[in-house]
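> One structure coming up, written as structure tokens, with questions to follow.
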Amino acid sequence: MTRIPRIEDVRRAGRNLFSSAKTWGAVAGGVALGSLAALSACAPQAPARPPCPEGQVCLLMGNGSEPATLDPHKATGTWESRILSDAFMGLTQDDPEGEPIPGMAERWEVSADGLVWTFHLREAYWSDGVPVSADDFVFSLRRIMLPETASEYASLLYFIAGAKAVNEGAAAPETLGARAINPRTLEITLVHPAPYLPEVAKHQTMFPVPKHLVERLGDAWVQPQNIVSNGPYVIDAWRLGDYVKLSKNPRFYEADQVCVDQVYFYPTTDATSAERRVRRGELDVNFDIQSNRVAFLREQIPDYVRTHTYLGVTYMAFNSNVPELQDVRVRQALSMAVDREFITQKLLRGGQEPAYTFVPPGVADYTPPPPPEWAAWPLERRQAQARRLLAEAGYGPGNPLRLEIKHRNSPDPTLFMPAVQADWKEIGVQVSMAQNETQIAYAAYRARDFQIADAGWVADYNDAMSFLYLNQSTTGSQNYGDYKNPRYDELLALADNEPDAARRAGYLAQAEAIVLRDAPIVPVYFLINRALVNPKITGWVDNIIDHHRTRFLCVAGKSAPAGG
């Protein structure tokens, strides 16, 4: 359990306490700005940086959390994806703007019915010199679907023919709709059209793994002393709790266009501490800024602060296995009582927007349903209605509802969770809180070891389905609350099989409206991506999915990659 500040007292005393970022920031982060260490070669003025070989370019990245794995088929976090997307490459890849472009596949064709995709692979090699083949992709797609692989992301690929049956152990892996026509031609057959396949193909779930190595070493293939990769970088070392180090892959097909020679990824769970490291030149990038310090840092080091609209949402999930949370009136009451405006405008102050729907604005080819009617009500009216709903469900002063929120220890949840606790106290709900390290929290969610879970989701691909599938009954461990609604599932299935984009979007919007009515989750706010980036770095392009692959980055005065 964590000790909870009395934010309700702060509110009554005056909310402006939380709006003075400048004063607070001067105390918490007033580190004198000294000369920044050079980003390339050895920098004697910054001894905290590891040595960089003479004539090379080295970058140090603050990456949020410690990776749990370097296996693409088992990774789930954005902090893991950043590392893996530097080391591996799927059929497609991100360009500097985060859009899909050819990767291992030089080109592809799609059948008239949208069900058969044929990918023509370029000549490429694993970092040990073995050719990358279509058979590697077939092997990898089968591997991620095997029940023994226990991939949390397997359901993302259920659009491939036979995938669901293989993943559930009901069919042999050879029945999966993926085959190698020849060493450099891959055919994938789908159960329904998936126009977003080029987006998914750059996600780690569709990364190839080296068949020749995995078959010989099993799970040990992913250890740094064994691992080989097919992307711009190879993984040299993983010092647990310290860093993951990658070096340029000389066998990458465009190695001559890669500027950065070495890149280190450091776990930086404390965003304020990481901020100081950036200011001292010990980190070149940190992929996060504590929200309530954005305005202060824009005054202090404006050239470093990068923010942009993001396809992401912070939400809370209700565990449907908890009896108290099986009553829709309870869930609706808890959702409507959360003061999202206070959280975003007074606490976080980083540009986040209150969320009354689940799918963020800006998703391609999608118009969300109207928010719940109560979203436009004043907070006092919402609180009064929440108390009435709780009373109808049997809760009140004589029988208070008691619940626990399990939340991540990252900066923003630590900041706003006490506000949620205070909001629910105002309607008579007694809430305790359990703070966990991010990886431990998500492991608990997947094991259903929670009552209410604080979570965040960032689109795996730019489509509303990337969010809505989380509440599908077949999704598995990432449907944290085990939400089930047959009509919701039916609408998503209709959308999957609908070739007309407008009609498909309509089905998806109807499905989202059901989730808003049933309230298995509480959308809290839509994210923005926030990073501190040394202005000497070139090739960084702010984008809606916050993908910034090292192969496109460079340093001012050095040779830039093509298109960087």
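> Quick one: of the DSSP bridges fully inside the chain, what percent are antiparallel, nearest 5?
75
> Follow-up. Neighbouring Cβ atoms within 10 Å as the yardstick, rank Ser151, Ser477 fewest first.
Ser477, Ser151
> Please work out the Cα center distance from the stretch 436-471 to the stretch 261-333, rounded to the nearest Å.
Centre-to-centre (Cα) distance: 15 Å.
> Write down the radius of gyration of the chain and its Dmax, each obtained from C-alpha positions, in Å.
Here Rg and the maximum Cα pair distance are 24.1, 73 Å.
> Same structure, new question: Compute the distance in nm between two label points, each set 7 Å from the Cα along the Cα-to-Cβ direction, one at Ala384 and one at Ala68.
Taking the simple label geometry, Ala384 and Ala68 are separated by 4.5 nm.
> In nm, what is the difference between 0.36 nm times the number of residues separating Asp270 and Ile181 and their Cα-Cα distance?
Stretched out fully, the Asp270 to Ile181 stretch lengthens by 27.1 nm.
> Over 21 Å between Cα atoms: which of Lys248/Lys558; Lys164/Lys484; Lys346/Lys536 fall into that group? Before the final figure, lay out the partial values.
Working: Lys248/Lys558 16 Å; Lys164/Lys484 18 Å; Lys346/Lys536 33 Å.
Distance filter (> 21 Å) returns Lys346/Lys536.
> What's the center-to-center distance, using Cα atoms, between the stretch 174-232 and the stretch 375-407 in Å?
About 48 Å separates the Cα centre of the stretch 174-232 from the one of the stretch 375-407.
> If you take the charge dipole of the stretch 358-447 about its Cα centre, with +1 on Lys and Arg Cβ and -1 on Asp and Glu Cβ, which of Gly396, Ser410, Thr438 is farthest toward its positive end?
Gly396
> Among Pro250, Ala513, Pro535, pick out the residue whose Cα is farthest towards the positive end of the charge dipole of the chain, where Lys and Arg carry +1 and Asp and Glu carry -1 on C-beta, about the Cα centre.
Pro535
Every number in this text was worked out from the coordinates using simple rules, so none of it is lab data. Fair warning: this is a prediction, and the values are worked out from it, not measured in the lab. Neighbour counts are summed over all protein chains in view; Cβ atoms, including those assigned to glycine, are modelled from backbone coordinates with ideal geometry.
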